[in-house]
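Encoded as structure tokens, the structure appears first; notes follow it.
The values are calculated or read from the model by the stated rules, or taken from the named source; none is laboratory data. As the structure is a prediction and not an experimental result, all values here were calculated from the model. Methodologically, a virtual Cβ is constructed for each residue, glycine included, from the backbone with ideal geometry; neighbour enumeration extends over all protein chains shown. Accessible surface is based on the protein model in full, side chains and every heavy atom, while ligands, DNA and RNA are left aside. Shrake-Rupley method; radii C 1.70, N 1.55, O 1.52, S 1.80 Å.
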Amino acid sequence: MRFIVAGSSLLLGASVYVSAAGGTAPQTRPASSGAETSDVAEGRTLLDQYCVTCHNERLKVADLELDAVDLSNVGEHAEVLEQVVRKMRAGAMPPPPRPRPETSVYDGFRTWLEGELDQAALANPDPGRSEAFQRLNQTHYRHAIRDLLDLDVDVEELLPGDAPDEHGFDNNAGALSFSPVLMERYISAAHKVAALAVGAAPRGEVIATFDVPLRLDQEYYQGEDLPFGSRGGTAIRHTFPASGEYLIKTTLQTNYVEFPRGLDIPHDIEVSLDGRLLQQFTVGGQAPGRPAPYSYEGNIRGDDEWEAYMMGLTAGGLEFQTSVSGGPHVLGVTFPRETWEKEGVLQPPQVGYPLAINGMPDANPRIGRVEIIGPLVVTEPGDTPSRRKIFSCRPASAVEEPACARQILSSLARRAYRRPVDDGDVTTLVGFYEAGQAENGFEAGIQYALERLLTSPDFLFRVERAPVDLPPQTAYAVSDLELASRLSFFLWGSLPDEELLAAAEAGTLGAPTGLDRQVRRMLADPKVTSLVQDFAGQWLYLRNMETVHPTPNEFPEFDESLRVALQTETELFLEDQLREDRSVVELLSADYTFLNERLARHYGIAGVYGSRFRKVPLDGSDRAGLLGHGSLMTVTSYPNRTSPVLRGKYILENFLGAPPPEPPPNVPTLEEESEDGRTLTMREAMERHRANPTCAACHATMDPIGFALENFDAVGAFRQEFANQPINASGSMPDGSAFDGPAGLRNLLLDRSDLFVGTLTQKMMTYALGRGLEYYDMPTIRQIVRDAADDDHRWSSIILGIVRSAPFQMRRSD
């Protein structure tokens, strides 16, 4: 058999062709009239011996028919053969206990097949077709408002969320539907955003409510937005709509019948604005009369004086009125920290029912809610960042107003529409300006026009138009302006900035040097954090941290502080990797992470104090790389236990690019106890589950990977035993590769780092294009990975490869 891989180099020739944008495009074998006869014959023999017994016209296992595939013309069967390549790269085909060829033969055939597929794609390139219309999703809308108006708004209150599609991302153009009801929400959002941006007085009283999570640990310093030496409470970033008088109302945390906690002795509450003390309250230690019995507050009455005092604190006793200038501010509500050692037997934190009912009179009080009401009286719009962004000119008289309005609206429309605007665009907006100006003056006119701009299809949709009279199914290069939007929404999740838009208007963006320069500039911009929060947040399921709820009885230590810390660790780690332009392979092997005291205590790492996150070396710990991050372990567990299946599927899909098929219907539940009532270890329970032949094939690949992570419990804490038995974290892949524990699995992934890099590239390409990848995209993915190898697979090399690729710069007509 001649399918042999020598080291890591492919025994294939190479050539280069130039893309539509002028950049270097995929390198692969030179085109030939067909595959060599001996290679085809040996490949056919391999398929017949190991694959066709299942994947034939009669059985069609996994919807694959390989008995009729002509290997001398792989281009005609590319869709089927790309599925074969994906399974083989993960070592999942043939599944155990089926016989397998020797590793050198196995890898050699896969490499040959990939080369033939790449050659066929080069002879007949297909950039794919993105949707003509792509609506701004919730995240993109927020970022666009931020960059257009210098205004950060809570979009979750204005617009419904967008569910991720089958590929795991919420920016897939085909899944971003539009309806009359959603249009109404956009109109409502535009009204609120425009009023807030220009500093218009709200119509009626506005109440902004901020609830502090019940399980937030308020015994410690909550961060740099609050005074040093404080404990508990919350810091609120809020944009006050105009300068004027506001009512600030604070409510203490209560039990389920609204009796405040921790009031046996006096405590001070401090309210500050941008670090300046506004008001101080003293609560507790003053309750008159006879209290209710301990922990029975609300169930057994105290006397009337005590009841009236306690209920008064939750009915408006902690409120005051103050003057605030319009614009963004940080409102802090907290307690001065008083520390002492707790007496008696230390108890675990209360959770569930006890937490709901207990009044905890001898504990520290906690902040439950903060409300900002107003403006009660408006003094002026204020000199806010958004007003400075909008009002680029100030008319000195009524005569100057029309020209100034056109200047303002032309500038806003060019950025919002992401293209040069013509007289028709501006005239439409001026019509709305004139209606508002006639009603309430110049600024009201700008507000009306801004509302119209924010509901325009040119703002809400990214539109890509094919050249007129282009034949169907023809590949063509997108315009520089469309390329600028693709690039900015990929890297920043937002509008092109002035420099990028100017380059597109000048026609220099598509040139190789111009494009590379813009990409490197954008990667150095702080807005690239969107790539971490939006792309990586969905690729690694970090967004799910906001909705996980581990069972309190099993994991009493899991609280809101730990939830936030787990997610922050991974986001800071990814941001550091991206900014330092490290090899993406280091995501698996990095010997450092970011911790604060709360998370370090959870991980059992000493010497880390305070709420601030800092870079911490791991020194060969099992925490190295992403596999050691508690956030990933938490989002791949059930609320009450770990799941080798979820974790194995997660690694296969997101790290190895070989997702298992969907489970069959009516899968039996996992048995957690033996016949004699003994709690089964996870391995024992899964072995019983795999006894079902229907389940065995998929679980043979998933379960060993999941078992390797069993040392991490369902909230990411490290453990050595479960159910009073040592954890067996060993496993092996279908190809016989054995590993043990997180370190062993990490080494296995590092040995197959090309799979990890390829999967990351696929996920990022999916996110960048706003569509799912098809079989004809796979040669491009492989070429990006090969080219990036020359630069150690750094982030910039992967991103530049995507941006330079034909699918990113081109499109197929309908």
Open item on the list: Pull out all pairs, ordered by first then second residue, where Cβ-Cβ is under 7 Å, the residues are six or more apart or on different chains, the first lies in region 561-576 and is without any contact (Cβ under 8 Å) to a residue 60 or more places away in the chain and under 20 Å from W795 (Cβ atoms), and the second is in a helix (DSSP H, G or I) and open to solvent by less than 30 Å² (accessible area, probe 1.4 Å).
Closed with: E571/V532; E571/L542; L574/V532; L574/A536; E575/V532
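For region 393-410, does any single residue satisfy the condition of being open to solvent by 60 Å² or more (accessible area, probe 1.4 Å), part of a helix (DSSP H, G or I) and under 30 Å from F178 (Cα atoms)?
The answer is no; no qualifying residue exists.
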TODO: Could you please give the count of residues in region 482-516 that are part of a helix (DSSP H, G or I), over 27 Å from the mean Cα position of the chain (by Cα) and either under 17 Å from R146 (Cβ atoms) or among the aliphatic types (A, V, I, L, M) (or both)?
DONE: 4
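Being part of a loop (DSSP other than H, G, I, E, B), more than 22 Å from the chain's Cα centre (by Cα), surrounded by fewer than 22 Cβ atoms within 10 Å (Cβ to Cβ) and among the β-branched types (V, I, T) narrows it down to one residue among V608, V616; which is it?
V608
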Open item on the list: I'd like to verify a number: residues in region 266-305 that are among the aliphatic types (A, V, I, L, M), part of a loop (DSSP other than H, G, I, E, B) and free of Cβ contacts under 8 Å to residues at least 24 places away in the same chain, how many?
Closed with: 1
Open item on the list: Just to be sure I understand, how many residues within region 172-202 are under 30 Å from E653 (Cα atoms), open to solvent by less than 50 Å² (accessible area, probe 1.4 Å) and either modelled with pLDDT of 95 or more or assigned to a helix (DSSP H, G or I) (or both)?
Closed with: 1
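Going through region 517-559 one residue at a time, which ones are in a helix (DSSP H, G or I) and touching a Pro at 6+ places or on another chain (Cβ under 7 Å)?
Q538
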Open item on the list: Tell me whether region 82-102 contains one or more residues that are touching a strand residue (DSSP E or B) at 6+ places or on another chain (Cβ under 7 Å), surrounded by fewer than 17 Cβ atoms within 10 Å (Cβ to Cβ) and assigned to a loop (DSSP other than H, G, I, E, B).
Closed with: no
- [ ] Kindly check whether there is at least one residue in region 271-280 that is in contact with a Lys or Arg (Cβ under 7 Å, 6 or more places away or on another chain) and not acidic (D, E).
- [x] no
- [ ] Quick one: count up the residues across region 625-650 that are under 20 Å from T593 (Cα atoms) and either open to solvent by 10 Å² or more (accessible area, probe 1.4 Å) or outside any loop (DSSP other than H, G, I, E, B) (or both).
- [x] 9
TODO: Just name the residue that is nearest to Y220 (Cα to Cα) out of those in region 353-392 that are of a type in the set (G, A, S) and surrounded by 15 or more Cβ atoms within 10 Å (Cβ to Cβ).
DONE: A363
Open item on the list: Of everything in region 701-732, what is over 21 Å from R641 (Cα atoms) and either part of a loop (DSSP other than H, G, I, E, B) or in contact (Cβ under 8 Å) with a residue 40 or more places away in the chain (or both)? Give them in sequence order.
Closed with: none
- [ ] Pick out, from region 733-814, the helices (runs of 4 or more DSSP H) lying fully within it that include 1 or more residues that are at positive phi.
- [x] 741-751
Task: Residues located in region 234-276, provided they are among the acidic types (D, E) and either closer than 18 Å to M360 by Cα or open to solvent by less than 40 Å² (accessible area, probe 1.4 Å) (or both) - done: E258, D264, D268
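Give me the residue from region 61-81 that is small (G, A, S) and open to solvent by 20 Å² or more (accessible area, probe 1.4 Å) and, out of that set, modelled with the lowest pLDDT. I'd like the intermediate steps shown before the answer.
From region 61-81, those small (G, A, S) are 62, 68, 72, 75, 78; that's our starting set.
The next check asks that each one be open to solvent by 20 Å² or more (accessible area, probe 1.4 Å); those that pass are 62, 68, 72, 75.
Numbers: A62: 73, A68: 82, S72: 86, G75: 87.
That would be A62.
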Task: Single condition Y221 does not satisfy, out of (1) open to solvent by less than 60 Å² (accessible area, probe 1.4 Å); (2) touching a helix residue (DSSP H, G or I) at 6+ places or on another chain (Cβ under 8 Å) - done: (2)
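Quickly run through region 413-430 and pick out the residues that are assigned to a helix (DSSP H, G or I) and either in contact with a Gly (Cβ under 6 Å, 6 or more places away or on another chain) or in contact (Cβ under 8 Å) with a residue 12 or more places away in the chain (or both). Lay out the reasoning, then the answer.
Taking region 413-430 and keeping what is assigned to a helix (DSSP H, G or I), we get 413-417, 423-430.
Hits for region 413-430 are A413, R414, R415, A416, Y417, D425, V426, T428, L429, V430.
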Open item on the list: Here is a check on your reading of the model: is E42 assigned to a helix (DSSP H, G or I), at pLDDT 80 or above and touching a helix residue (DSSP H, G or I) at 6+ places or on another chain (Cβ under 9 Å)?
Closed with: yes
TODO: Please go through region 110-131 and pick out each residue that is part of a loop (DSSP other than H, G, I, E, B), among the small types (G, A, S) and out of contact with any Phe, Trp or Tyr (no Cβ under 9 Å at 6 or more places or on another chain).
DONE: S130
TODO: For R146, state whether it is out of contact with any strand residue (DSSP E or B) (no Cβ under 7 Å at 6 or more places or on another chain), within 17 Å of S485 (Cβ to Cβ), part of a helix (DSSP H, G or I) and among the basic types (K, R).
DONE: yes
- [ ] State all residues of region 702-717 that are in contact with a Ser or Thr (Cβ under 9 Å, 6 or more places away or on another chain) and not acidic (D, E); if no residue qualifies, say none.
- [x] P704, G706, F707, A708, L709, F712, A714, V715, G716
- [ ] Go through region 431-459 residue by residue and tally those that are crowded, with 19+ Cβ neighbours inside 10 Å and β-branched (V, I, T).
- [x] 1
TODO: Those residues that are in a loop (DSSP other than H, G, I, E, B) and either at pLDDT 85 or above or in contact with a Phe, Trp or Tyr (Cβ under 8 Å, 6 or more places away or on another chain) (or both), I need them from region 337-361; list them, please.
DONE: R337, G359, P361
- [ ] Determine whether L214 is of a type in the set (A, V, I, L, M), at pLDDT below 95 and under 32 Å from the mean Cα position of the chain (by Cα).
- [x] yes
Open item on the list: Out of the residues in region 684-726 meeting the condition of being of a type in the set (V, I, T) and surrounded by 20 or more Cβ atoms within 10 Å (Cβ to Cβ), tell me which one is modelled with the lowest pLDDT.
Closed with: T701
Open item on the list: Scan region 331-342 and tell me whether some residue there is open to solvent by 20 Å² or more (accessible area, probe 1.4 Å), among the basic types (K, R), out of contact with any strand residue (DSSP E or B) (no Cβ under 9 Å at 6 or more places or on another chain) and farther than 30 Å from T384 by Cα.
Closed with: yes
Open item on the list: Pairs needed: first member in region 749-764, farther than 27 Å from L487 by Cα and among the hydroxyl-bearing types (S, T, Y); second member anywhere, modelled with pLDDT under 95 and not in a helix (DSSP H, G or I); C-beta distance under 8 Å; at least 6 residues apart or different chains.
Closed with: none
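Across region 760-784, which residue is farthest from the chain's Cα centre (by Cα) among those that are of a type in the set (A, V, I, L, M) and open to solvent by 20 Å² or more (accessible area, probe 1.4 Å)?
M778
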